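The values are calculated or read from the model by the stated rules, or taken from the named source; none is laboratory data. These numbers come from a predicted model, not from an experiment. Backbone-built Cβ (ideal geometry, glycine too); neighbour counts: all protein chains shown.
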């Protein structure tokens with residue numbers, strides 16, 4: 001109990017001698033009063049937990065170094081947060097900038113798909129949306145794979161003509177028929 005009181009008295013002395021100086025040093029480094037108080041409190045809390053092992057002659061240097069290191073850690077963490085935030089804002093801006101155009105294009109594609117003959121549309125959806133091979137679609141529909149090819153060609157030709165006439169989209173991705181015919 002006596003040792004505890006001695007440690008308490010020693011800690012109180014160190015606290016009163018150093019708190020203001022450490023706070024001002026942290027404030028100078030971080031430019032944030034709340035963060036500076038938190039950093040100094042963390043360092044002094046660590047000092048209290050290890051008061052039995054602290055060298056009284058070097059305690060001032062120890063506290064200054066500990067505050068400096070905590071401030072540097074805080075600033076590094078802030079840089080990471082700021083970089084993350086900037087990246088997030090760029091991605092969000094890009095998404096919301098492109099979103100209306102993408103929705104318009106999607107609506108146009110749906111309208112054009114609805115104008116295709118039902119069998120041709122079904123085959124196009126099976127091959128492009130569900131990524132089935134021509135041979136798989138032919139087997140499912142009980143038709144010749146060449147018929148599937150003809151329907152795909154017909155559908156793409158119609159869609160390209162409608163897209164070009166609408167001048168909404170410039171490119172329709174071309175499907176690699178070699179990949180899907182295997």
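Remarks
Okay, residues lined up against (1) within 17 Å of residue 75 (Cα to Cα); (2) assigned by TED's automatic domain parsing to the domain that holds residue 75; (3) touching a helix residue (DSSP H, G or I) at 6+ places or on another chain (Cβ under 9 Å):
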| residue | (1), (2), (3) |
| --- | --- |
| 24 | yes, yes, yes |
| 27 | yes, yes, yes |
| 30 | yes, yes, yes |
| 34 | yes, yes, no |
| 37 | yes, yes, yes |
| 44 | no, yes, yes |
| 48 | no, yes, yes |
| 55 | no, yes, yes |
| 58 | no, yes, no |
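- Scan of region 154-182 for residues that are over 37 Å from the mean Cα position of the chain (by Cα) and either modelled with pLDDT of 90 or more or not in a helix (DSSP H, G or I) (or both), ordered by number: 182
- Residue match in region 13-27 (condition: at positive phi and modelled with pLDDT of 90 or more): no
- Checking each residue in region 116-131 for being under 11 Å from residue 154 (Cα atoms) and outside any helix (DSSP H, G or I) picks out 116, 117.
- All positions within region 49-74 that are in a helix (DSSP H, G or I) and surrounded by fewer than 14 Cβ atoms within 10 Å (Cβ to Cβ): 49, 52, 53, 61, 65, 69, 72, 73
- Filter result for residue 113 (in contact (Cβ under 8 Å) with a residue 60 or more places away in the chain, touching a helix residue (DSSP H, G or I) at 6+ places or on another chain (Cβ under 8 Å) and assigned to a helix (DSSP H, G or I)): no
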